[in-house]
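Remarks on the structure that follows.
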Amino acid sequence: MAGIGESRSELLLWLNDLLKLDYTKVEQCGTGAAYCQIMDSIYGDLPMNRVNFSAGSEYEYFTNYKILQSCLTKHKIEKSVMVERLVKCRFQDNLEFLQWIKKYWTQNKDESEYNAETRRKGRAGPSTSSALPVNKRPISGSTASKPLLRNVRNTVIQNNIRKSSSEQLLTLQTELSETKNQMSDLEKECSQYKDLNTAYLKERDFYFGKLRDIEILAQSTQDLCDEGIYENDKELRSFLTRVQQILYATEEQVELFGEEKVQQPSTNSIIDEETF
């Protein structure tokens, strides 16, 4: 499925499943860390130990984007990265870039497995609000259990992501199978039309050849008449003239001939009138 046109929820589902993160907003991609690791999942040569998933300021974001830009340059990827806009963590800018990078990933990622957590070498992914400013508070006894709750929540999210991914895959496989069947039917229908067209062309050439023979015969006979061989045969000349009129008549003239034929009295009627 191409990245362009995918919704926010579809992109986040794919991103979290690929990188084993728990992003809830597209704006969180503005740190640049996720973009770096997406490219690493394709080429596997980014210095992930330098990518800062805990970045909290634009200065740290710029460092991540320098790593991303180096990757694009190294692999000769012609893509203009609007860093000044992406680091503002605005929805639309990051949605468009995430759509592009998803499309690029789809076109270039091989079938090998990618272990995102191992590539981060133990660096924890950002929390669900790391890309947005937060008020820091001292850890009290009531909040000491939050890491455990977060781990449980992350596990549930990952399970839901895997389940959703499997359901999406099954849906896509079903749609692909239906599309293949439709293509097969269309190919058969197209083949039938080709055979029919070939038959029509043969029939056209056959009758055209006969008309050409008649034309040559009429022309050669006309030449003999012009040479005086059939000089006194007026009926033959009249017949040849009529044949040539029919051969070279336009569509409008053919219709006119048809009307004249309807209006012309039959031979039997003329004989009857002369007899009586």
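The values are calculated or read from the model by the stated rules, or taken from the named source; none is laboratory data. Only a predicted model underlies this, so the values are computations on that prediction, with no experimental measurement involved. With ideal geometry, Cβ positions are generated from the backbone for all residues, glycine too; neighbour counts draw on all protein chains shown.
Entry remark, the stretch 24-50: residues being crowded, with 23+ Cβ neighbours inside 10 Å and within 13 Å of Cys89 (Cβ to Cβ) number 9 in total. Restricting Thr155, Thr143 to those that are modelled with pLDDT of 60 or more and of a type outside the set (Asp, Glu) reduces the list to Thr155. Taken together, the residues in the stretch 38-64 that are within 23 Å of Ser112 (Cα to Cα) and either under 28 Å from the mean Cα position of the chain (by Cα) or of a type in the set (A, V, I, L, M) (or both) amount to 9.
Going by the conditions given, is Glu203 touching a helix residue (DSSP H, G or I) at 6+ places or on another chain (Cβ under 8 Å) and closer than 30 Å to Thr241 by Cα? No, not satisfied. Within the stretch 51-65, count every residue that is out of contact with any Asp or Glu (no Cβ under 7 Å at 6 or more places or on another chain) and within 15 Å of Ile38 (Cα to Cα). Counting residues in the stretch 51-65 that are out of contact with any Asp or Glu (no Cβ under 7 Å at 6 or more places or on another chain) and within 15 Å of Ile38 (Cα to Cα) gives 4. Within the stretch 153-178, residues that are over 14 Å from Ser9 (Cα atoms) have Cβ atoms under 8 Å from residues that are at pLDDT below 85 in these pairs: Leu172/Met1, counting only partners at least 6 apart in sequence or on another chain. Just one of Ser41, Ser80 is of a type in the set (S, T, N, Q), on the phi < 0 side of the Ramachandran plot and modelled with pLDDT under 95; which is it? After applying the criteria, what remains is Ser80. Listed by position, the helices (runs of 4 or more DSSP H) inside the stretch 44-108 whose residues that are of a type in the set (Lys, Arg), touching a residue at least 40 places away in the same chain (Cβ under 8 Å) and closer than 18 Å to Leu21 by Cβ number at least 1 are 91-108. If I ask for residues that are outside any helix (DSSP H, G or I) and either out of contact with any helix residue (DSSP H, G or I) (no Cβ under 9 Å at 6 or more places or on another chain) or closer than 11 Å to Glu215 by Cβ (or both), which ones from the stretch 238-252 would you list? Residue satisfying the conditions is Thr250 alone. Within the stretch 23-34, residues that are among the hydrophobic types (A, V, I, L, M, F, W, C) sit with their Cβ atoms under 8 Å from residues that are modelled with pLDDT under 95 and assigned to a helix (DSSP H, G or I), at 6+ positions apart or across chains, in these pairs: Val26/Arg8. Taking (1) crowded, with 20+ Cβ neighbours inside 10 Å; (2) out of contact with any helix residue (DSSP H, G or I) (no Cβ under 9 Å at 6 or more places or on another chain) in turn, Ala55 satisfies each apart from (2). On the stretch given as the stretch 1-43, residues that are outside any loop (DSSP other than H, G, I, E, B) and of a type outside the set (Asp, Glu) total 25. Scanning the stretch 111-122 for residues that are loosely packed, with under 10 Cβ neighbours inside 10 Å and touching a residue at least 24 places away in the same chain (Cβ under 8 Å) yields one hit, Lys121.
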